[in-house]
Amino acid sequence: MLSARSQSDSVLSLFSGAGGFSYGFASAGLPPICGAEIDKDACATYEENIGSTCHNVDLSAVEPSFFRDVLGPKELFAVIGGPPCQGFSTAGARDAQDPRNRLIFNYLRIVAEARPRWFIFENVEGLLTSDHGTAVFSLVRAFLGLGYSVRIHKTNLAAYGVPQTRKRVLIIGNRLGVDFSLPSEMYSYDSGKSKKRSSKPFAPTLDQALDGLGVAARSRSATVPYSAAEAVNSFDQLMRVDNNSGGVTEHFHSTDTKDEERCALLKPGQTMKDLPEEYWHDSFKRRAFRRVMDGTPSEKRGGAPSGIKRLHGDLQSLTITGAAPREFIHPHEHRPLTIRECARIQTFPDQYRFHGNAASVTQQIGNAVPPLAAAAIARHLQALDGAFGSDIQPPSHRLEPRLLGFVLTEATGMSEALQKTELMLNSLLQQELDLA
Ligand SMILES: C[S@@+](CC[C@H](N)C(=O)[O-])C[C@H]1O[C@@H](n2cnc3c(N)ncnc32)[C@H](O)[C@@H]1O
């Protein structure tokens, strides 16, 4: 997979996971020189598919000079990575004291040491309001202090052709002293939950993403042949690239009769809540009726579980997380999504091999940056970066490192929490930083 690299186009991947971010960069001609990741299964997945070493290390404990030794004198084009997001995720308990939140500053320390021309930092939207906005404020301020010009952009990755709405925060910076934009959005999208309808082509739908796969097996060991010898649509064709096996792995389910009955009752868009109570899972009943200490039902706190939900085939999927194969029901069949279906919705090609048990693989897939979106970002930054003989002119005068701009939401209104963050970031926009 690795192609010859010049000194100027080296990429370092941190918190590499299964390698979604890295695979996207590799497919744009920028394969990471190495990855770094604490989870052994994820490291093995990375190494098999990306083809470079994944250092199995705890990035909160390694000395930043570790990478200087690994990289030698090479100048880095970019550091890419998405530190863990559990502490920030609106899907989980949000805890500013969660030690995993500090990993964002470990990322920063390594950028400070490695001095790439660009860094691309990806995270969940919860980062923006974590710790009343101080997490993102402190992080960005520190990047500015290192000499980077920075943009923050909350974006929906469906706009880059991913068959799923997936809101993520991108913080991108360069130390070239140039202003830059994010890659242009190419697609409109609608998952029922998030939408941006426009004259742009509609991103591949869930049906289009799953078409071409054969009937899901009942055992994990099976390789399931494609439904037809030839790709049935352009997304299917993209997924089949380099897969000479005539079928896919990880395409299995173990739905029992009761679950099939449940699923059969669900129409697209409906959730466990829409079923008669006798069909509710015990865990769903417990969580649905549980009241928190002050008596507020968890429903009212926005934390109520929706349990299983059937997806719409003619729209994009909802966000794939580590829970997707438990919660998301196939748009037409009476079973949850298979692991391979989740991988496709995340735009991992069918030849991508995952290591670990089913739970580990599901998590690796849910954690990933969809390679298709990562590739769009990689190509865009590559074109912007002067070292590649790019289409930007060297700046007549270099910008002082500054916050170039931010987009915190695409909605018209803003939550109170986000307004606080906006206020803090505005102070960075206006302020000539004392970088001493
Ligand atoms: C959001 S995932 C990254 C996914 C990856 N960007 C991709 O596209 O596949 C975060 C990763 O950080 C890893 N991680 C968590 N704590 C870590 C630590 N202390 N050191 C190194 N990696 C860590 C997790 O195992 C997880 O794979």
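The values are calculated or read from the model by the stated rules, or taken from the named source; none is laboratory data. The model shown is predicted, which means the values in this text are computed figures rather than measured ones. All Cβ positions, even for glycine, are placed from backbone atoms using ideal geometry, and neighbour counts span all protein chains on display.
What the table shows:
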{"item": "Residue tally, condition part of a strand (DSSP E or B) and closer than 16 Å to Asp256 by Cβ, over the range 320-334", "result": "1"}
{"item": "Evaluation of Ser60 against (1) at pLDDT 95 or above; (2) under 12 Å from Phe15 (Cβ atoms); (3) out of contact with any Asp or Glu (no Cβ under 8 Å at 6 or more places or on another chain) (one fails), failing number", "result": "(1)"}
{"item": "Conditions (1) without any contact (Cβ under 8 Å) to a residue 12 or more places away in the chain; (2) not in a helix (DSSP H, G or I); number of the one not met by Phe66", "result": "(2)"}
{"item": "Given (1) part of a loop (DSSP other than H, G, I, E, B); (2) over 15 Å from Ala343 (Cβ atoms); (3) in contact (Cβ under 8 Å) with a residue 24 or more places away in the chain, number of the condition Glu230 does not satisfy", "result": "(3)"}
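Residue-wise test of (1) part of a loop (DSSP other than H, G, I, E, B); (2) under 23 Å from Val361 (Cβ atoms); (3) within 13 Å of the ligand (Cβ to nearest atom); (4) at pLDDT 95 or above.
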position	(1), (2), (3), (4)
Ser16	yes, yes, yes, yes
Gly29	yes, no, no, no
Pro73	yes, no, no, no
Ala78	no, no, no, yes
Ala91	yes, yes, yes, no
